[in-house]
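A.B. asks: Dumping the structure here so I can ask a few things about it.
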Number of protein chains: 2
Amino acid sequence: MRAVSDRPLPRAERRRRTEERILGAARALFAEVGFERATIRAVAAAAGVDPALVMQYFGSKRELFARAAQVAPEPGAGLGPDELVRQLLRTLNLKMGELPQGSLAMMRSMLTHPEAADSARAALRDQIDRLAAAVQGEDARLRAALMTAVVLGATVGHHLLELPELREAPPERIAGLLGPALRVLAGRPAGGPADDA
Amino acid sequence: MRAVSDRPLPRAERRRRTEERILGAARALFAEVGFERATIRAVAAAAGVDPALVMQYFGSKRELFARAAQVAPEPGAGLGPDELVRQLLRTLNLKMGELPQGSLAMMRSMLTHPEAADSARAALRDQIDRLAAAVQGEDARLRAALMTAVVLGATVGHHLLELPELREAPPERIAGLLGPALRVLAGRPAGGPADDA
DNA sequence: CATTTCGCTCAACGTGTGTTGACTCAACGA
DNA sequence: TCGTTGAGTCAACACACGTTGAGCGAAATG
């Protein structure tokens with residue numbers, strides 16, 4: 001009855017696994033209830049581990065959050081406006097399916113935890129930069145910021161507030177409706193490629 | 001050196017004033033740091049009052065929050081789509097200036113405090129109802145939800161995350177850019193009245 | 001095998017929190 | 001004027017939290 005995997009693991013491997021287990025539990029809890037309501041004790045319990053171990057691995061609750069709530073930087077180098085809108089919709093399309101828990105954790109806390117707010121602002125600023133470079137023109141930055149805010153609103157409404165209208169609709173339809181609106185915001189009204197992703 | 005107002009106030013008046021003072025301090029603090037980080041002690045200190053008095057007046061922290069974070073229901077009965085979009089922009093225009101602290105308090109906590117989330121969902125559902133009734137058509141509710149999400153994103157970006165692009169831009173310009181996008185979402189592409197508020 | 005390293009647990013400390021009950025004192029009503 | 005009411009304070013409780021240091025036992029190392 002003794003399987004191969006019952007053989008005790010090497011130290012390094014064991015460490016990596018428990019660290020990832022803690023990090024996973026932390027991501028899930030931070031994403032679900034935010035920074036304040038997520039306790040080290042609850043994270044430890046979910047990971048099947050003593051609270052003190054969490055501290056030993058990550059130093060403090062804030063550092064644990066910083067590690068757990070990293071947002072993956074979105075791709076999209078110097079593209080044209082239409083292509084960028086298309087890609088924006090594509091990632092939004094993904095967003096509507098399943099958003100990585102790290103991003104959810106950050107977004108859940110961005111209105112109440114100062115460091116999460118900083119992360120959010122940095123991520124949004126990056127996206128605004130990319131969009132502004134593509135949009136060009138008079139108030140390119142404002143247009144880019146508004147486009148970003150539109151995506152932000154849809155994401156918050158869908159994943160964090162869980163508005164039923166957004167949860168039930170198929171992602172392609174959401175992208176299909178949001179596409180023209182984003183293009184209008186970008187300053188190129190109609191025409192162009194189709195709206196679906 | 002004794003002014004008229006130094007004469008002690010009647011009990012009822014005195015009670016009303018301190019209650020309003022506490023409520024004001026609570027609104028400001030809840031709006032600034034959210035439900036969790038706002039402590040009864042801090043509210044009491046800001047109101048120049050003992051923490052116990054806050055409990056005596058409002059019963060519990062949650063009830064205090066419920067009283068402080070009420071969102072004023074927006075007007076707008078059964079209007080046509082264009083008029084409703086115009087009014088949406090007008091209130092958004094106001095939103096861009098100064099949002100009532102009660103609404104800010106609710107929005108600040110809506111991602112982390114369950115009861116604030118319920119309030120937010122209820123308020124958004126009301127607005128979606130109004131918009132859906134005006135938009136009509138196939139996926140009217142989805143369109144209405146997306147329009148609501150757009151306004152939500154702009155408000156969050158401006159007042160809670162304080163994105164510089166949105167803070168620096170004059171409200172009319174924001175409304176002028178968001179207007180066409182909202183009209184597209186509503187399903188009536190171009191034309192119509194001017195975009196400024 | 002002897003010794004060191006290290007993943008992990010246990011028990012506890014200090015602090016800040018929401019909340020409570022007894023108390024003080026000025027305004028009120030008869 | 002005298003007893004009653006009620007606004008407001010004071011000190012404290014009970015609890016949950018983040019965090020710490022000592023200790024245990026198994027893996028690594030020679």
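A.B. asks: Please compute, for peptide B:133-145, the average count of beta-carbon atoms on other protein chains lying within 10 Å of each residue's beta-carbon.
C.D. replies: On the way: counts 0, 0, 0, 0, 0, 0, 6, 1, 4, 8, 3, 1, 12.
Partner Cβ neighbours, averaged per residue: 3.
A.B. asks: Suppose the chain between A:ARG167 and A:ARG121 were pulled fully straight at 0.36 nm per residue; how much longer would it get relative to their current alpha carbon spacing? Mind showing how you got there, number by number?
C.D. replies: Details: separation 46, 0.36 × 46 = 16.56 nm, distance 2.55 nm.
Extra length available between A:ARG167 and A:ARG121 comes to 14.0 nm.
A.B. asks: What number in nm² do you get for the stretch B:4-65 if you take the convex hull of its Cα atoms and divide its surface by four?
C.D. replies: 4.4
A.B. asks: I would also like to ask the following. Nearest-to-axis residue of chain B, judged by Cβ, for the B-to-A rotation, with distance in whole Å?
C.D. replies: B:GLY153, 1
A.B. asks: Kindly put A:HIS113, A:HIS159 in sequence by how many other C-beta atoms sit within 10 Å of each C-beta, fewest to most. Write out the running numbers ahead of the final one.
C.D. replies: Details: A:HIS113 25, A:HIS159 20.
Fewest-to-most ranking of A:HIS113, A:HIS159: A:HIS159, A:HIS113.
A.B. asks: Turning to a different aspect of this structure: Explain nothing, just compute: Karplus ³J(HN,Hα) = 6.51 cos²θ - 1.76 cosθ + 1.60, θ = phi - 60°, for every residue of the stretch B:153-165 in order, whole Hz, x for Gly and Pro.
C.D. replies: x, 5, 5, 4, x, 7, 8, 9, 8, 6, 5, x, 4
A.B. asks: Shifting gears a bit: Shortest first, in nm, what separates the label point of A:GLU172 from those of the same position in the other copies (7 Å along Cα→Cβ)?
C.D. replies: 4.4
A.B. asks: Which ³J(HN,Hα) values in Hz, rounded to whole numbers, follow from the phi angles of the stretch A:131-147 under the Karplus curve 6.51 cos²θ - 1.76 cosθ + 1.60, where θ = phi - 60° and Gly and Pro get x?
C.D. replies: 5, 4, 5, 7, 6, 6, x, 3, 9, 4, 5, 5, 4, 4, 5, 5, 4
A.B. asks: While we're here: For labels at B:GLU20 and A:GLU19 in the simple 7 Å Cα→Cβ model, what's the distance in nm?
C.D. replies: Calculated label separation equals 5.9 nm.
A.B. asks: A further question follows. Residues with beta-carbon under 13 Å from that of A:ALA38, excluding A:ALA38: net charge, scoring Lys, Arg +1 and Asp, Glu -1?
C.D. replies: +3
A.B. asks: May I pose another question? Using Cβ counts within 10 Å as a stand-in for footprinting exposure, how do A:SER109, B:SER60 rank, fewest first?
C.D. replies: In order of increasing Cβ crowding within 10 Å: B:SER60, A:SER109.
A.B. asks: Loop-only GluC sites (Glu not before Pro) in the stretch B:108-197, please: DSSP not H, G, I, E or B, and at most 12 other Cβ atoms within 10 Å.
C.D. replies: Hits after loop and neighbour filter: B:GLU138, B:GLU162.
A.B. asks: Between copies, how far does the label point of B:GLU32 sit from its twins, in nm, shortest first, when each point is 7 Å from Cα along Cα→Cβ?
C.D. replies: 3.3
A.B. asks: List the distances, in nm to one decimal, from the label point of B:THR91 to the label points of the same position in every other copy, shortest first, placing each label point 7 Å from Cα along the Cα-to-Cβ direction.
C.D. replies: Nearest first, the other copies' label points are 3.1 nm away.
A.B. asks: Going by the alpha-carbon gyration tensor, a ≥ b ≥ c the square roots of its eigenvalues, is the stretch B:81-186 rounded (a/c under 1.5) or, if a/c is not under 1.5, prolate (a/b greater than b/c) versus oblate?
C.D. replies: Numbers: a/c = 2.10, a/b = 1.14, b/c = 1.84.
Oblate, because a/c is 1.5 or more while a/b does not exceed b/c.
Every read-out reported here was derived from the displayed coordinates using simple, explicitly stated rules and does not represent laboratory data. From a predicted model like this one, the values you see are computed outputs, not experimental measurements. Cβ: placed from backbone, ideal geometry, glycine included. Neighbour counts: every protein chain shown.
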